[in-house]
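The values are calculated or read from the model by the stated rules, or taken from the named source; none is laboratory data. Keep in mind that this is a model prediction, so the values were computed, not measured. Quick reminder, even Gly has a Cβ in these numbers, built from the backbone with ideal geometry, and neighbours come from all protein chains shown. Each accessible area value is taken on the protein alone, full model and side chains, heavy atoms only, with ligands, DNA and RNA left out. Shrake-Rupley method; radii C 1.70, N 1.55, O 1.52, S 1.80 Å.
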Amino acid sequence: MGSKFLKSVVVGASLAAALAAAPAAFAKDWKTVVIGMEGAYEPWNLTDSSGHIVGFEVDLANDLCKRINVECKIIAQDWDGMIPGLKAGKFDVIMDGMSITEERKKEIDFSKPYAAPPAAFMAAKGSDIAKALGPGKVVNATKDPAAKDAAVKAVQAALKGKTIGVQVSTTHANFASKYLKDIATIKEYKTTDERDLDLKSGRIDIALDDYPTIAAALDKPDAKDFGIVGPEFIGDVFGVGEGMGLRKSDADLTARFNKALDAAFADGSVKRYSLKWFKIDTTP
Amino acid sequence: MDWGFIGATFLRLIAAVPLTLEVWLSSVILGAVVAAGVTWMRVSDSRPLKAVARAYVAVFRGTPLLIQLFIVYYGLASLPAVRHSLFWPFLRDAFDCAVLSLGLCTAGYQAEIFRGALIAVPHGQVEAARACGMSGLLLFRRIIFPIALRHGLPAYSTEMISMVKATALVSLITLWDVMSVALKIRNDTLVTYLPLVLAGAIYFVVNYAIGAAFLALERRLSPHLRARTS
Amino acid sequence: MGLFQIFGFGPGGWGLAMLEGAAMTLLVSACGLLIGAAIGALVAWARLSRHRPSGALGEAYAALFRGLPELLVVYFVYFGTSTLLTDLANLVGYQGFVGVPSFLAGALAVGVISGAYQAEVYRAGYLAIARGELEAAVSVGMDRLLMFRRIVAPQVLRFALPGLGNLWQVALKDSSLISVTGLAELMRVSQIGAGSTHQPFAFYLGGMALYLVMTLVSTRLFDAAEARATRGLRRVAAG
């Protein structure tokens, strides 16, 4: 026993690890691309009752992969582990309604945005908040900063002492902590479904997410007492649209996907998927 | 080594320890009370009561705490009957739900510990006490409880430590305990391991302290088992 | 949708998904238990050895994983194994990532924790073997491997069965924590179903019922195995 045994164990283990990783070896040749999605972020991606992941991003991913001639494999990953998972090599691309922000650009690269919907608030119709904020109205922070400031003040006034629900680590959570920190109680959830359940049961007074997600939630039969209220923000902390997240070291893959996206925009495929899943055209 | 970052992270985690301990203590106490009731049913002479107690233990020891937690927090809140009941002010609050769920779960385990401790009381002692005329509360207080306590302490200590570890699950129902603060720091700063390592260290120290406290208690209660000094 | 339709096996029915989740739970728990058995045997051997550093290492392992929350270990193993293997592979000059699928990471997490407790069970089992038998084996001329195969292992397993039965149930329950890694085991399927249909009570209760069935059946099986393994053995307390 002793060091000789130990050495052979270490060598054996590394060999085994390298062999086990052989399929992933073609990192630069890109035969297969593994894409990470939540499978719980309707309508961007969701898991149906047979266990398959479907949604806007699934359609788009399959389309883009075909264009650049690779095989797409989609795996499920909780949202709060997305970027760590990407960096750990669990998958090669993140497609999960992830907004392109400066903060995130420090850690990972993004493709061009493939959607740019506004954010939206959802609350019970006829509640104090709904009355204070009024119906949904788009506010573009980059084009009209003054309107944005006014809208933010309106939100702060309406939410004083109330509870807002957001998903962890999202631009919506950033909005809440930036503007509502000492004004409202902020509850953060792992998934949007859990937050919607709490909105329905009255634990939170208002929810904030992007427009397609809110619209899909409102489409459900038990959501007839809820509606979109207040400003629908574009820009500011919400970023410049949703894009694919990739590792900085895979710039070649990013470039290939960007080319594919250009083609997909040009022939109207992206718009088609957007209308199918979001009912509106979110092409940037 | 960014000591500033490490220090700041550590302080943020320490700030969450009181909540973790609050959840732990409240659920342990609730669990003890419920377990006492379940044990009483278990050792009673009534067949139906025994069956209920055994079913309780089977359910709460045979299913994951995570799913019990989700039933209490999300499941109950989705029932209109619950939302209109007088329990709603409690069940609405995440902390109360956490304490309720953890308490019910530990009660299942504590009931088994109590039962094992009671079985370990030598029947001869109980007989002798009865022969002296002791009965009921006095018998329990003077004879049964002290002996059972000594027998049950090691297993109880293990359960207490399990409960501290179980509090990490409340991070999944919007409570800001040590675990969720660590995860938030990880998500915000994208430093993957440091927050988890520091959180782990904190949990380890807390568990070690609890284990040591119980060991000291065991030693105090067992003077006849201590090593002779002379 | 009515409750029967939601859990049914027709289109839009989650019944099949839930059962597949339960099957996945059984599979990942079993793999976890096996990994734990390997680790537990190793740690028990370290703790029983006369070599002081090994003993200390074994005790440190056991203390570490008994003092850390299981959820923390799951997160750590899930992100850590990929990074660790990648670093190891990079050391031998391999470029790119070494992926560890969720199943393996989950089973590893369960196994690593289970191993700490299994070590205790195996150690107690070994110490319960009559010294005389071991002495007799040595005096008859059995080498260590044969002695292990013929004398030690069967008896350790027999003494360890009650403890292992309990640890199997623990593994089943710990596997629910793997849901945070995205593996489609029973807890995660329940969560997705609950979120998708906005019927958390039905799904979590259904999931709980399936877990209960698994633990009750396991208890029966282990009791039967114990009865078989300890026939002819006189013990103080039965079952």
From the Cα centre of region A:77-100 to that of region A:131-147, the distance in Å is 31
With each pseudo-label sitting 7 Å past Cα toward Cβ, what's the A:Glu103-C:Arg231 distance in nm, one decimal? 6.5
Kindly state, to the nearest 0.05, the FRET efficiency for C:Ala124 paired with B:Arg142, given R0 = 25 Å and r defined as their beta-carbon distance. 0.15
Going Cα to Cα from B:Lys165, which lysines come in below 22 Å? Please leave out same-chain ones fewer than 8 positions away. A:Lys190, B:Lys184, C:Lys173
Show me the ranking of peptides C:110-120, A:126-136 by mean Cβ neighbours inside 10 Å, starting with the highest. C:110-120, A:126-136
Chains A and C: accessible area buried, summed over both chains, 1.4 Å probe, nearest 100 Å², reads 2500
Can you give the local net charge around C:Ser82? Use residues other than it whose beta-carbon is closer than 14 angstrom to its beta-carbon, Lys and Arg +1, Asp and Glu -1. +1
What's the center-to-center distance, using Cα atoms, between region C:21-91 and region C:146-210 in Å? 16
If a helix is a whole DSSP H run, which ones in chain A reach 18 Å or further along their own axis (Cα) and hold a mean Kyte-Doolittle hydropathy of at least 1.0? A:3-20
Rounded to the nearest whole Å², what accessible area per residue is found for chain C with the 1.4 Å probe? 49
Return the subset of A:Lys90/A:Lys112; A:Lys162/A:Lys279; A:Lys153/A:Lys181 for which the Cα-Cα distance in this structure is over 24 Å, preserving the input order. A:Lys162/A:Lys279
Mind listing which trypsin sites (Lys or Arg not before Pro) in region A:179-284 are in a DSSP loop and have 11 or fewer other Cβ atoms within 10 Å? A:Lys181, A:Lys224
Excluding A:Val155 itself, calculate the net charge of residues whose Cβ lies under 15 Å from the Cβ of A:Val155, where each Lys or Arg counts +1 and each Asp or Glu counts -1. +1
May I ask you to give the solvent-accessible area per residue for chain B, in square angstrom, as obtained with a 1.4 angstrom probe? 50
On average, how many beta carbons from a partner chain sit within 10 Å of the beta carbon of a residue in B:164-170? 4
In nm, the gap between the two label points placed 7 Å beyond Cα toward Cβ at C:Glu20 and B:Ala120 is 4.8
With a 1.4 Å probe and all protein chains left in place, how much accessible area per residue does region A:108-147 have, in Å²? 47
Rounded to the nearest 500, the 222 nm mean residue ellipticity computed for chain A from DSSP H runs (n ≥ 4, each -39500 (n - 2.57)) alone is -12000 deg cm²/dmol
The answer for the net charge of residues other than A:Asn258 whose Cβ lies under 13 angstrom from its Cβ, with Lys and Arg +1 and Asp and Glu -1, is 0
MRE, 222 nm, helices only [DSSP H, n ≥ 4, -39500 (n - 2.57), over chain B, to nearest 500]: -24500 deg cm²/dmol
Highest average packing first - B:127-136, C:75-84, B:4-13, A:98-107, Cβ atoms within 10 Å: C:75-84, A:98-107, B:4-13, B:127-136
Förster radius 51 Å - calculated FRET efficiency between C:Leu146 and B:Leu11, Cβ distance, rounded to 0.05: 0.30
Taking accessible area as the heavy-atom solvent-accessible surface of the protein chains with a 1.4 Å probe, which residues of region C:73-92 lose no less than 40 Å² upon going from the isolated chain to the full protein assembly? C:Tyr75, C:Phe76, C:Tyr78, C:Phe79
Which angle from 0 to 90°, rounded to the nearest 10, does the C-alpha axis of helix B:94-119 make with the longest principal axis of chain B? 30
The C/B contact buries a total accessible area, at probe radius 1.4 Å and rounded to the nearest 100 Å², of 2900
Under the rule a/c < 1.5 gives rounded, and otherwise a/b versus b/c splits prolate from oblate, where does region B:56-213 land using the Cα gyration tensor? oblate
Using a probe of 1.4 angstrom, how much of the accessible area of region C:94-198 is carbon and sulfur, in percent? 64
Quick one: Cα centre-to-centre distance for region B:49-102 and region A:45-76, in angstrom? 37
For region B:26-117, which chymotrypsin sites (Phe, Trp or Tyr not before Pro) are in a loop by DSSP, counting at most 15 other Cβ atoms within 10 Å? B:Phe87
Given N residues in the protein assembly as shown, what is its alpha carbon radius of gyration divided by 2.2 N^0.38 Å? 1.04
Name the aspartates and glutamates eligible as straight-distance cross-link partners of A:Lys87: C-alpha to C-alpha under 12 Å, and not fewer than 8 places from it in the same chain. A:Glu107, A:Asp109, A:Asp250
Name the residues of region A:72-92 whose accessible area, probed at 1.4 Å, falls by at least 50 Å² once all protein chains are in place instead of their chain on its own? A:Asp78, A:Asp80, A:Pro84, A:Ala88, A:Lys90
Could you give the dipole magnitude of region C:91-239 about its Cα centre, charging the beta-carbon of Lys and Arg +1 and that of Asp and Glu -1, in debye to the nearest 20? 420
Note the angle between two axes, namely the Cα long axis of helix C:102-127 and the longest principal axis of the Cα atoms of chain C, as a number of degrees from 0 to 90, rounded to the nearest 10. 30
What are the principal axis extents of the Cα atoms in region B:102-153, in Å, biggest first? 42, 18, 12
